[in-house]
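Colleague: Below you'll find the structure I mean.
Taken together, the values in this text are just the output of simple stated rules run on the coordinates, not laboratory data. Keep in mind it's a predicted model, so treat the numbers as computed, not measured. Don't worry about glycine lacking a Cβ; one is built from the backbone with ideal geometry, like all the others, and counts go over all protein chains shown.
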Amino acid sequence: MKQYDYLIVGSGLFGSVFAHEATKHGKKCLVIDKRSHLGGNIYCEDIEGITVHKYGAHIFHTNDKRVWTYVNDLVEFNRYTNSPVANYYGELYNLPFNMNTFNKMWGVVTPEEAKAKIEEQKKQITGEPKNLEEQAISLIGYDIYKKLIKGYTEKQWGRECKDLPAFIIKRLPVRFTYDNNYFNDRYQGIPIGGYNKLIEKLLEGIETRLDTDFLKDREALSALADKVVYTGPIDQYYDYRFGKLEYRSLRFENELLDCANYQGVAVMNYTDEKTKFTRIIEHKHFEFGTQAKTYITREYPSEWQEGMEPYYPVNDEKNQSLYSKYSDLSKSEDNIIFGGRLAEYKYYDMDKVIASALAVTDKLF
Ligand code: FAD
Ligand code: UDP
């Protein structure tokens, strides 16, 4: 008899939801994480009474009623609605691309005028868009592509828009109404007091060990449990035997400012090519904070190298085909489940990670 039914590697949303469900079904779990805190990338810190999203802004949004009910049964959400502003050399535009954006860009007032402008600007794209540049121009025309997409995207991904997959830009809504809600999803908000509460609830009563790297001690740790759930990078699990998958990383530059309101919005995107950071997050606005001070974070994208946090999978053809080799290998494993953004090498949002963990546990228990 082993000490645990499941050893769960990674205390992010995938690992925590899995552990929660397994425990509910009478299984004994141990959750480990190599970081010195729980929660993976949704971890928050309290700084001067402000909840700070330590690994970048996290806004919960979903169309999945089961997932929304699931998280609301655990914690209370506020009514935050993401409406970022794009800053192009001091010119400000509302996001996502909607009538406010079109009005500021072209002076058009009616949806019909906006559509005509886009039609005229997308003429150069014929046939199915083959990459992000073509996809963007055919969705919102050349001017918006040039001012609000090209610079931001090339900084974010470190690649030219011509070399990026079209699907990345399809994440963003294009709307012919005066509506600045960044998401189309039916449900949206942020847990009151931050995401740590959600993780604490999920892991209530479950044993955890921090500062424990599975890959540094995999034999001894695996021996503790019947099965392993692994949520780290899949290529690292296999010692990069087919080569390294590419990721984008981020450097966060934080500043506590002696002013109550720095930019008037939680997220301001810098869409020009000269400014090196992609966005500034002013954390207090996620919870309508009224503190005397404010805390801001500038996000500088960079190519991932060993030792850095791998934040975004680069889902282009080259990396997808490398990933499928690892994925095929993982299918032959009996006692290990791979799940989450890094182990599945997927540009998953939080709700999708929860849904995918629930799909796994639905089958098992
Ligand atoms: P993670 O949170 O990455 O957890 C994996 C855990 O495994 C980590 O804690 C890691 O330390 C641990 N681990 C890895 N290797 C080992 C090892 N060898 N041993 C022990 N532990 C290990 N989603 C949204 O829905 N809305 C947003 O606004 C949003 N914004 C985002 C902004 C940024 C900058 C980023 C990077 C992501 C954003 N996401 C957002 C996506 C969201 O972060 C993920 O969907 C979710 O956190 C993924 O959960 P996970 O459990 O798969 O992975
Ligand atoms: N994007 C852009 N300009 C913006 C915001 C986003 O060009 O002002 C593009 C960029 O390529 C980005 C993609 O749209 O990677 C998806 O944006 P999203 O906000 O969903 O990115 P994430 O939250 O994953 O960082």
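Colleague: Any idea what the relative contact order of the stretch 161-306 is, in percent, if you count C-alpha pairs under 8 Å spaced at least 6 apart?
Modeller: Over the stretch 161-306, the number comes to 20 percent.
Colleague: What does the extension gain come out to for LYS146 and ASP258, with contour length at 0.36 nm per residue minus their alpha carbon separation?
Modeller: Working: separation 112, 0.36 × 112 = 40.32 nm, distance 3.52 nm.
My answer for the length gained is 36.8 nm.
Colleague: Among THR126, GLY151, TYR347, whose Cα sits farthest toward the positive end of the charge dipole of the chain (+1 at Cβ of Lys/Arg, -1 at Cβ of Asp/Glu, about the Cα centre)?
Modeller: Most positive-ward Cα: THR126.
Colleague: Contact order normalised by length for the chain, with contacts defined as Cα pairs under 8 Å and 6 or more residues apart; what percent is it?
Modeller: 26
Colleague: Which of GLY26, VAL71, LEU92 sits farthest toward the positive end of the charge dipole of the stretch 19-175, with +1 on the Cβ of Lys and Arg and -1 on the Cβ of Asp and Glu?
Modeller: GLY26
Colleague: Ok, one more. In degrees from 0 to 90, rounded to the nearest 10, what is the angle of the helix 350-364 Cα long axis to the longest principal axis of the chain?
Modeller: Compared with the principal axis, the helix lies near 30 degrees.
Colleague: How much of the DSSP beta bridge set in the chain is antiparallel, as a percent to the nearest 5?
Modeller: In the chain, DSSP labels about 60 percent of beta bridges as antiparallel.
Colleague: Per the Cauchy relation, a quarter of the hull surface: what is the mean projected area of the convex hull of the alpha carbons in the stretch 258-306, in nm²?
Modeller: Over every viewing direction, the Cα hull of the stretch 258-306 projects on average to 4.6 nm².
Colleague: With only alpha-carbon pairs counted, each pair once and no self-pairs, how large is the Kirkwood hydrodynamic radius of the stretch 260-365 in angstroms?
Modeller: The answer is 17.4 Å.
Colleague: In whole angstrom, note down how far apart the Cα centers of the stretch 298-365 and the stretch 102-143 are.
Modeller: About 33 Å separates the Cα centre of the stretch 298-365 from the one of the stretch 102-143.
Colleague: So what does log10 I(q)/I(0) come out to for the chain at q = 0.07, 0.08, 0.11 Å⁻¹, using the Debye formula with one equal point on every Cα and no solvent?
Modeller: At q = 0.07, 0.08, 0.11 Å⁻¹ the computed log10 ratios are -0.33, -0.44, -0.83.
Colleague: Give me the percent relative contact order of the stretch 258-340, please, defined on Cα pairs under 8 angstrom at least 6 residues apart.
Modeller: Contact order relative to length: 22 percent.
Colleague: For the stretch 1-127, how big is Rg over Rh, using alpha carbon atoms and the Kirkwood form of Rh?
Modeller: 1.17
Colleague: Nearest 10 degrees, 0 to 90: what angle lies between the long axis of helix 317-331 and the longest principal axis of the chain (Cα atoms)?
Modeller: 20
Colleague: Hey, another quick one. Roughly how tilted is helix 132-144, in degrees to the nearest 10 and between 0 and 90, from the longest Cα axis of the chain?
Modeller: 40
Colleague: Sticking with this one: Mind checking the stretch 183-260 for chymotrypsin sites (Phe, Trp or Tyr not before Pro) that DSSP puts in a loop (not H, G, I, E or B) and that have at most 16 other Cβ atoms within 10 Å?
Modeller: Details: sites: PHE183, TYR187, TYR195, PHE214, TYR230, TYR237, TYR238, TYR240, PHE242, TYR247, PHE252; in loops: PHE183, TYR195, TYR238, TYR240, PHE242.
Counting only loop positions with at most 16 other Cβ atoms within 10 Å, the chymotrypsin sites (Phe, Trp or Tyr not before Pro) in the stretch 183-260 are TYR238, TYR240, PHE242.
Colleague: Right, something else. Which whole number in µm²/s is D for the stretch 158-291 by Stokes-Einstein, with the Kirkwood Rh taken over Cα pairs at 10 °C and 1.306 mPa s? Write out the running numbers ahead of the final one.
Modeller: On the way: Rh = 20.3 Å.
This corresponds to a translational diffusion coefficient of 78 µm²/s.
Colleague: Only Cα pairs within less than 10 Å get springs; with that Gaussian network setup on the chain, which residue of MET105, MET268, MET350 has the largest fluctuation?
Modeller: Evaluated over the chain, the most mobile residue of the options is MET105.
Colleague: Separate question: Quick check of the Kirkwood formula: for the stretch 124-178, what is the inverse mean of 1/r over all pairs of different Cα atoms, in Å?
Modeller: 11.3
Colleague: Say the dipole of the stretch 273-326 comes from +1 at the beta carbon of Lys and Arg and -1 at that of Asp and Glu; which of TRP304, TYR326, THR290 then lies farthest toward its positive end?
Modeller: Final value for the positive-end residue is THR290.
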